[in-house]
Every structure is written in C-alpha cells, then in structure tokens.
Amino acid sequence: MMQRQFRPEVEYSLKATSPHLGGAAAGDKLTTTYDLVEQMQYLYVRVVKAKELPSKDITGSCDPYVEVKLGNYKGTTRHFEKKTNPEWNQVFAFSKERLQASVVEIIVKDKDFVKDDYIGRVLFDLNEVPKRVPPDSPLAPQWYRLEERNGHKVKGELMLAVWMGTQADEAFPEAWHSDAASIPGDGLASIRSKVYLTPKLWYLRVNVIEAQDLIPNDKTRFPEVYVKAMLGSQAIRTRISQSRTPNPMWNEDLMFVAAEPFEEHLILSVEDRIAPGKDDVIGRTVISLQHVARRMDYRLLNSQWYNLEKHVIIDGEQKKETKFSSRIHLRVCLEGGYHVLDESTHYSSDLRPTAKQLWKQNIGVLELGILTAQGLLPMKTKDGRGTTDPYCVAKYGQKWVRTRTIIDSFTPKWNEQYTWEVHDPCTVITIGVFDNCHLNGGEKANGARDTRIGKVRIRLSTLETDRVYTHSYPLIVLTPGGVKKMGEVQLAVRFTCSSLLNMMHLYSQPLLPKMHYVYPLSVIQVDNLRRQATNIVSTRLSRAEPPLRKEIVEYMLDVDSHMWSMRKSKANFFRIMGVLSPLIAVARWFDQICHWRNPLTTILIHILFVILVLYPELILPTIFLYLFLIGVWYYRWRPRQPPHMDTRLSHAENAHPDELDEEFDTFPTSRAPDIVRMRYDRLRSVAGRIQTVVGDLATQGERLQSLLSWRDPRATALFVTFCFMAAIVLYVTPFRVVVFLAGLYTLRHPRFRHKMPSVPLNFFRRLPARTDSML
C-alpha cells in the first residue's frame with residue numbers, strides 16, 4: 001500500500017544526472033565551446049565537384065551523380081544531365097557509433113534508364129582519416145583520381161574532403177545523416193536542426209478623432225456612423241458616434257499588432273449603420289505602415305487628416321471618385337515603448353520594449369544543452385509497430401531553436417547546444433519535445449499534426465550563476481484519460497552573469513517597460529493583442545523551412561491557458577490556501593497563547609510584549625531581525641534543483657474524468673446537450689458557493705459603512721458616543737498604557753474568559769447590511 005502511495009512521486013520527480021559533458025564529467029571546469037553536451041563522433045564526407053568525367057551512354061552524354069557508401073549506409077547526391085564537370089558541394093555525415101565498415105567508398109555513376117553505369121570510385125581507409133575539432137579551419141578539399149574496381153586509374157577526377165569531427169562542426173546542421181537514410185528526399189528538410197527568429201512586433205495605435213463633410217447615401221435620415229479598421233486578419237470598429245451629423249466625433253483608440261517587414265496596409269472605412277446587419281460604406285482610406293511615425297514614450301504625436309475615397313459599385317468593380325471632399329482625422333503611430341506580449345506574463349521569456357534604442361545591455365548568457373531522452377512512448381504506428389520520431393523545440397525571447405529529428409527512436413541522442421543573451425533574470429525558457437509526423441511528403445497533404453510529447457519550463461531566477469545543472473526532466477502530458485508520463489528529457493543548463501551588480505539592480509526595476517504603467521492597456525486589450533501576436537508568430541514560423549508548425553507554437557506559448565478548467569480552478573484555490581496557511585497557523589498559535597495551552601510560552605510572550613511596549617523603537621528592528629533569522633535558517637533547505645512540472649500542484653493526478661473531458665472540449669462546445677446541461681448545473685453550484693462568499697464579504701463591508709450612516713440610528717448613536725468617550729480617554733491616557741492594558745486583556749487567562757461572543761462582536765453582527773434590499 002505504501003509503495004503504491006509513493007510511486008507517482010518518484011515517477012514524476014526530477015532526477016540529477018552526471019553526463020560526460022564535452023568529454024569531462026559534470027561539474028568539472030569546462031573550456032570547450034560545446035561543453036554542455038556529450039561529444040558525438042561523425043565521419044564527414046564533402047563531395048564538392050568532378051571534372052573530365054567520361055561518357056558511358058551511346059549518345060555520348062554523361063548524367064553523373066555520386067554515391068557515398070559505408071557498410072549498409074548509402075547516400076547519394078543529386079544528378080546532373082549531360083554534364084561532365086558537375087558541382088554538388090554536398091556533405092554526408094555517418095555516426096561513428098554505427099560504423100559497420102573500415103573503408104568508405106565514394107562512387108561516381110552515370111544515371112541511366114535501365115541500369116546506372118559505373119564511372120569510377122575513390123576509397124578511404126577510416127584509420128587514415130584526419131580529425132578536425134573546431135575552431136580549426138575547415139579541411140581543404142583535394143582532387144582525387146577515379147579508379148576502377150580493380151584499382152586501375154580511369155579518366156576523371158573528384159574533389160573531396162573526408163574527416164572525423166563532432167556535432168560542433170559547421171557542416172553538421174546541413175549534412176545528410178546516415179540516421180535518416182530511410183527518409184525520402186522531400187522529407188529531409190523537415191528533420192534538420194534550425195534556428196528561428198520571430199518577427200519584430202509593434203503595437204499600432206490608431207486614434208480615431210473625427211470625420212468631416214460625410215455624405216451618406218441615404219440623406220433622409222440621421223447617419224449612425226462608425227469607423228472600421230482592418231490590418232490583415234485583424235478587424236476592430238469604434239462605437240457609433242453620438243453626434244448624428246455629417247461631422248461625427250469619436251476620439252477612440254484602436255490597437256493592433258503589426259510585424260516587420262510591414263507588408264500589410266491599414267485600411268479604414270467609415271460606415272453607416274442602416275439596419276441591423278446592414279452597413280453602407282461612406283468612404284475609405286488606406287495607410288502604409290512604412291510611413292507611420294514611431295513613438296518611444298507617452299508624448300503625443302501630431303495628428304493628420306486623410307482623404308476618404310468614395311466607392312461606387314459598377315458592374316461588380318469598385319470605381320473611385322476623384323472629387324470627394326470627405327476626410328477623417330487620425331493620429332496613427334507605432335508604439336516602440338511597449339513590449340508586445342505573445343506569451344503569458346507568468347512565464348515570459350522577454351520583457352524588453354519593441355524599440356531597440358530602448359534596450360539595455362544584457363546581464364548574462366543562457367546556455368542550454370539538449371542531451372538525450374529516455375523512455376519515450378510510441379506516438380504512432382508504422383508497419384504494424386509503434387514508433388516515435390522525436391525532436392526538441394526551445395524558446396527564449398525572439399529566438400526559437402529546433403533540434404534535428406531522430407528517426408524511430410525511444411532513446412534519442414541530440415547533444416545540441418544553444419545560447420541566448422539574457423536581459424532579465426525573471427524570465428522563463430520553455431523546452432518542448434514533439435513527434436515529427438511530416439517525414440513523408442504525402443502526409444503533409446493529409447493535414448498531419450506533430451504530436452506533443454511534453455514540455456519543460458525553467459525560470460532563470462531559480463538558477464545559481466555559473467553552475468551547470470544536469471537533470472532529467474519528466475515529460476508530463478494531460479490527456480482526456482488523465483495525467484500521463486511520456487518519458488524524460490535530459491538537459492544541461494548554465495546561466496552565466498556578466499555583471500552581478502546590474503542583475504541585482506534589475507530587481508528594483510519594473511517588470512515591464514515604462515509605457516505599460518504610464519499609458520496602461522486594459523485587460524481586454526492585452527488579451528486580444530496577445531491573441532493577435534500569437535497568430536502572427538505562428539503564421540510566420542510555419543512559413544519557414546523546415547516549418548515550425550502552428551500546433552507547436554501554440555503549445556509552446558500556452559495559447560489556451562485562459563480557458564475555463566475545473567481542475568485549474570481547484571488547483572488555484574489550493575494554491576491560495578497554501579499561501580494563507582502560514583497566516584492561519586500563526587492565528588492558531590496566537591489563539592493557543594491566549595488560552596494558555598503552553599504556560600511557559602505564554603509567559604515568555606508576556607515578557608516580550610512588555611519589553612516592546614516599554615521600548616517601542618525595538619518593534620521594527622525585532623521584526624526584521626526575525627525575518628533575517630528565518631531566511632538564514634531556511635538557507636540550509638534551499639532548493640538545489642530547478643522547479644519542474646508538478647502534477648500534485650496542478651491537481652492532475654486526482655482530476656475527475658468528466659472534468660478532464662470538459663477541459664479538452666472545444667470552444668464552443670461539441671459535446672451532447674445532456675452533458676453540457678450537467679456541466680452547466682455543476683458550474684452553477686460552484687458559482688453559487690462563490691456568490692455566497694462574495695455576498696458575505698459585501699455584508700461585512702456594508703456593516704462597517706453603517707456604523708456612521710445612521711441606517712440604524714440607535715447603533716450609530718451608541719458608536720458615536722463610544723468614539724467620543726474613547727477620544728477623551730485616549731487623549732488623557734498615555735499610548736503605552738493603552739497598548740499595555742489592551743495586550744494584557746487579549747492575553748488574559750482562560751479563567752477570565754467566557755465562551756459567549758464578546759460585546760464588540762455582538763454589536764457588529766447586529767449592524768444592518770443591504771441584504772434585505774436585494775431581490
């Protein structure tokens with residue numbers, strides 16, 4: 001029974017590891033540039049070009065390509081038609097762990113319809129291949145004479161470079177890997193490692209002030225005019241102007257997210273609401289964002305009048321009238337002083353403003369080594385057996401990285417290292433593991449989606465500087481069937497601080513740029529703008545090669561974190577109780593002191609109380625000294641490892657299946673009416689309890705207000721009389737005496753206590769509230 005109870009805690013826990021980083025044990029002094037990963041040896045073959053190749057066809061032409069063969073692994077270059085001096089410049093990488101031969105064979109062949117003709121080959125003994133370690137210069141390729149299978153030289157030469165290296169080699173990211181020999185040509189691009197940069201995002205503020213000389217199409221009525229603004233897929237409209245005249249006024253701000261380069265135009269149309277669902281366009285203007293002013297602070301920029309173009313529908317085409325006097329008054333600017341939020345503020349990875357001239361110097365460097373994964377579960381079925389093609393994605397700031405895909409492996413070894421500049425220690429790096437479902441070109445058309453395996457978040461402020469953290473993090477995913485461990489990923493993390501003084505100074509600075517506090521955005525605006533920013537980032541990254549697909553970006557940015565979840569509500573409630581539990585414990589301890597449960601402790605508290613009353617100047621120093629001693633005492637039990645996903649804190653282990661099904665439901669819902677009705681009733685019961693608690697809090701507040709409101713004239717008269725008498729007594733009595741007597745009364749012995757409520761409490765509970773006025 002005990003084993004079953006502690007098993008989940010062990011299964012979902014963080015594990016310290018000791019990999020041989022950079023050839024040295026973890027914790028040793030590391031000096032190489034690739035020092036947070038284990039070295040992986042590769043045989044590299046660079047096929048540059050050939051010359052003077054003989055023709056083998058009857059037609060006298062040569063369609064050459066090169067085949068690099070090492071044991072059972074074989075890689076081929078692209079072929080050229082009718083060319084005797086081709087240039088390939090392709091690199092092939094063979095893992096040393098899987099070498100099955102002592103000789104690498106580079107064969108030049110002539111592509112033919114029936115059978116490819118053999119032209120010649122070059123052989124290399126692996127024992128004689130030179131080694132190269134960056135930052136050594138790349139090995140210079142050399143010309144090699146082709147030879148027959150019997151060793152005789154033939155016409156034609158091949159320029160090659162063959163060397164032994166590691167994954168730190170510059171040729172590694174773009175090389176053909178022997179691990180991916182089974183992947184077709186159109187799927188190779190989707191398995192390579194890649195570094196992405198998100199587009200630079202700006203907030204676009206459109207202050208719609210007024211319009212002049214509008215000419216509505218229907219002149220028999222007062223116009224109900226509003227302005228509709230569009231930027232790409234974003235569309236926002238103002239309220240209908242209260243002035244029903246040809247010169248309406250709004251003075252309303254519309255906020256958009258714009259991304260560099262500014263390819264999309266801002267389109268504003270002035271429309272007249274003729275009937276519900278029917279609007280008539282009065283005029284329209286188009287503004288190029290390339291010419292919009294950029295604002296770095298809260299100073300107002302000059303406004304500008306824009307001419308409105310009238311549109312007339314003629315034969316299905318829109319024709320612009322050249323003579324039209326209507327115009328609109330706008331103040332349009334790109335806000336450089338804000339940070340465009342594309343992720344939750346609780347785990348943001350970047351807090352800098354958009355404008356680069358407002359950036360401060362970086363305070364350090366974050367290095368991440370993505371080592372291996374263990375115990376991954378099969379994510380899909382291929383040829384009747386389970387398989388997984390895992391890769392990792394890491395996101396910090398504007399830089400996203402993607403490791404190469406390891407084909408068909410439950411224990412992949414990536415050993416790739418990446419670096420980021422750090423501008424704020426109170427930021428979070430996110431690492432996700434996914435299964436690649438786009439290895440074959442045909443699957444892309446079927447709408448295949450890469451499957452999430454798990455995610456890890458690491459807050460930089462929880463890391464000690466200049467220390468290498470090597471841990472195996474559990475990959476935990478919440479499914480409709482419950483919480484599930486998908487495996488573990490092994491990471492090496494190091495946060496190096498360049499200036500400790502600057503980093504300490506940051507703790508006194510605002511978390512977000514100045515404009516967020518001087519000219520704040522509303523909560524609704526922040527949510528809408530974050531959604532727009534996420535759509536822009538996911539769209540741009542999905543157009544890269546290899547693409548970082550929308551489902552990956554949304555999972556990394558926690559797009560659906562704002563959706564309702566009974567599980568999250570319970571978890572947050574117990575988080576609040578966890579925060580309040582020390583206060584509750586202090587209140588219980590004080591109650592025990594007051595009731596003399598431990599007479600010795602109560603006597604000591606009396607002595608301390610008398611000292612503080614006689615010497616009140618010691619109160620604040622005593623409090624801060626107490627906090628100091630608590631902090632020093634807890635230093636012995638400080639966390640020695642980074643935080644990780646906690647299933648108990650998230651209430652994922654004990655979540656009810658129906659609650660999980662509700663959490664994974666679409667919005668709007670796609671469940672049956674009976675299930676929706678049951679969940680609605682459950683939500684009503686929960687909301688009813690919250691409503692009761694909120695009502696009780698309001699009742700206590702209204703009772704406080706009624707002390708002086710004369711709603712109960714007798715109660716207010718008693719309270720006013722008491723206040724007058726208390727003022728006289730306190731005026732003539734020294735404050736220390738009052739505090740001393742009040743403290744002795746509070747700490748009095750149980751013999752002098754009664755089980756009945758006190759007089760002040762009885763008086764307060766009798767005060768009127770406004771509950772009797774509610775329907």
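The values are calculated or read from the model by the stated rules, or taken from the named source; none is laboratory data. Bear in mind the structure is a predicted one, so any value in this text is a computation, not a measurement. In this analysis, Cβ positions are derived from the backbone assuming ideal geometry, glycine residues included, and neighbour counts consider all displayed protein chains. The accessibility values were calculated without ligands, DNA or RNA, using every heavy atom of the protein model including side chains. Shrake-Rupley method; radii C 1.70, N 1.55, O 1.52, S 1.80 Å.
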**Message:** What's the number of the only condition in (1) open to solvent by less than 20 Å² (accessible area, probe 1.4 Å); (2) within 25 Å of Pro546 (Cβ to Cβ); (3) among the polar types (S, T, N, Q) that Ser326 fails to meet?
**Reply:** (2)
**Message:** Being touching a Cys at 6+ places or on another chain (Cβ under 7 Å) and open to solvent by 40 Å² or more (accessible area, probe 1.4 Å) is the requirement here; does Thr84 meet it?
**Reply:** yes
**Item:** Pairs where the first residue, in region 496-514, is among the β-branched types (Val, Ile, Thr) and the second is in a loop (DSSP other than H, G, I, E, B) and open to solvent by 80 Å² or more (accessible area, probe 1.4 Å), C-beta under 9 Å, 6+ apart
**Value:** Thr496/Asp466
**Prompt:** Just wondering, is there one or more residues in region 336-347 that are more than 23 Å from Ser538 (Cα to Cα), modelled with pLDDT under 90 and open to solvent by 50 Å² or more (accessible area, probe 1.4 Å)?
**Reply:** no
**Complete:** Among the residues of region 653-672, the number that are in contact (Cβ under 8 Å) with a residue 40 or more places away in the chain, touching a helix residue (DSSP H, G or I) at 6+ places or on another chain (Cβ under 9 Å) and not in a loop (DSSP other than H, G, I, E, B) is 5
**Item:** Glu421 being in a strand (DSSP E or B), out of contact with any Pro (no Cβ under 7 Å at 6 or more places or on another chain) and loosely packed, with under 15 Cβ neighbours inside 10 Å
**Value:** yes
**Selection within region 203-249 - in a loop (DSSP other than H, G, I, E, B) and under 37 Å from the mean Cα position of the chain (by Cα)** = Gly232, Ser233, Thr238, Arg239
**Message:** Being within 19 Å of Glu148 (Cα to Cα) and either among the aliphatic types (A, V, I, L, M) or open to solvent by 70 Å² or more (accessible area, probe 1.4 Å) (or both) is the filter here; which residues of region 87-113 pass it?
**Reply:** Val103, Val104, Ile106, Ile107, Val108, Lys111
**Item:** Filter result for the condition that a residue is at pLDDT 90 or above and surrounded by fewer than 21 Cβ atoms within 10 Å (Cβ to Cβ), over Glu443, Glu464
**Value:** Glu464
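A quick yes/no check of all residues on (1) among the polar types (S, T, N, Q); (2) in a loop (DSSP other than H, G, I, E, B):
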position	(1), (2)
Asp35	no, yes
Val47	no, no
Tyr65	no, no
Lys69	no, no
Asn85	yes, yes
Glu105	no, no
Lys109	no, no
**Complete:** Selection from region 423-438 of residues touching a Leu at 6+ places or on another chain (Cβ under 9 Å) and either modelled with pLDDT under 80 or over 16 Å from Trp400 (Cβ atoms) (or both) yields His423, Asp424, Pro425, Cys426, Asp435
**Asked** What is the residue count in region 151-168 for residues that are of a type outside the set (A, V, I, L, M, F, W, C) and open to solvent by less than 10 Å² (accessible area, probe 1.4 Å)?
**Response** 3
**Residues being farther than 30 Å from Gly336 by Cα and either among the hydrophobic types (A, V, I, L, M, F, W, C) or out of contact with any Phe, Trp or Tyr (no Cβ under 8 Å at 6 or more places or on another chain) (or both) - total across region 249-296** = 10
**Prompt:** Is it fair to say Ile593 is farther than 15 Å from Tyr745 by Cα, within 51 Å of the chain's Cα centre (by Cα) and either surrounded by 10 or more Cβ atoms within 10 Å (Cβ to Cβ) or modelled with pLDDT of 90 or more (or both)?
**Reply:** no
**Message:** Can you tell me which residue is modelled with the highest pLDDT among those in region 659-671 that are charged (D, E, K, R) and more than 9 Å from Met566 (Cβ to Cβ)?
**Reply:** Arg671
**Prompt:** When you look at Glu174, is it exposed (fewer than 13 other Cβ atoms within 10 Å of the Cβ) and modelled with pLDDT of 85 or more, yes or no?
**Reply:** no
**Prompt:** Does region 611-645 hold any residues that are open to solvent by less than 100 Å² (accessible area, probe 1.4 Å), closer than 27 Å to Phe574 by Cα and touching a residue at least 60 places away in the same chain (Cβ under 8 Å), and which are they?
**Reply:** Gln641, Pro642, Pro643, His644, Met645
**Item:** Residue within region 464-481 that is in contact (Cβ under 8 Å) with a residue 12 or more places away in the chain and assigned to a helix (DSSP H, G or I) present
**Value:** no
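The rows are residues; the columns are (1) in contact (Cβ under 8 Å) with a residue 12 or more places away in the chain; (2) touching an Asp or Glu at 6+ places or on another chain (Cβ under 8 Å).
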site: Pro173; (1), (2): yes, no
site: Asp179; (1), (2): yes, no
site: Tyr196; (1), (2): yes, no
site: Tyr203; (1), (2): yes, yes
site: Glu210; (1), (2): yes, no
site: Asp213; (1), (2): yes, no
site: Lys219; (1), (2): no, no
site: Glu224; (1), (2): yes, yes
**Asked** Taking region 545-568 as the search range and keeping residues that are loosely packed, with under 14 Cβ neighbours inside 10 Å and over 18 Å from the mean Cα position of the chain (by Cα), which one is farthest from Val195 (Cα to Cα)?
**Response** Trp564
**Item:** Number of the condition not met by Pro378 [criteria: (1) open to solvent by 40 Å² or more (accessible area, probe 1.4 Å); (2) touching a residue at least 40 places away in the same chain (Cβ under 8 Å); (3) assigned to a loop (DSSP other than H, G, I, E, B)]
**Value:** (2)
**Unmet requirement for Ser650, which otherwise passes all of (1) in a helix (DSSP H, G or I); (2) surrounded by 13 or more Cβ atoms within 10 Å (Cβ to Cβ); (3) among the hydroxyl-bearing types (Ser, Thr, Tyr)** = (1)
